Amino acid sequence: MRARTAARVAAAVPVTVAAAAAALKAGHWRLYADRHHIELTPQPRRSCPNCRGLGGWWLGGANPEMEACGCWANRPELRIRLLPVPAWPDEPPF
Ligand SMILES: [Zn+2]
């Protein structure tokens, strides 16, 4: 009996917390948070002399390629895992 009650509570929680997932863009970082992880992704600087905030530029040629600017590409991404994701397969390791 007790286990069944606990399962019902657990099933109700994800819907509530998923609604609280948030993405915030502040300064040179983009913050994303939901119940599974918190992620801080570096963003291009608007004052960057190289890309002027665009984050990169196109290299010409038959197959143009996007070259990432060092103002954000060289900064590490911050990722904190919170709850495990049981329903989905694991993300590939970096
Ligand atoms: Zn740049």
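The values are calculated or read from the model by the stated rules, or taken from the named source; none is laboratory data. What you are looking at is a predicted structure, and each value in this text was computed from that prediction instead of being measured. As a convention, Cβ positions derive from the backbone with ideal geometry for all residues, glycine included, and neighbour counts pool all protein chains shown.
Scanning region 44-58 for residues that are buried (at least 16 other Cβ atoms within 10 Å of the Cβ) and assigned to a loop (DSSP other than H, G, I, E, B) yields 44, 45, 48, 51, 55. Hey, does region 44-55 have a residue that's more than 16 Å from the ligand (Cβ to nearest atom) and modelled with pLDDT of 65 or more? No, that holds for no residue.
The set of residues from region 26-43 being at pLDDT below 90, assigned to a strand (DSSP E or B) and either aromatic (Phe, Trp, Tyr) or within 14 Å of the ligand (Cβ to nearest atom) (or both) comprises just one member, 29. Taking the criterion of being part of a strand (DSSP E or B), modelled with pLDDT of 90 or more, within 16 Å of the ligand (Cβ to nearest atom) and not charged (D, E, K, R), the only residue of region 59-94 that qualifies is 68.
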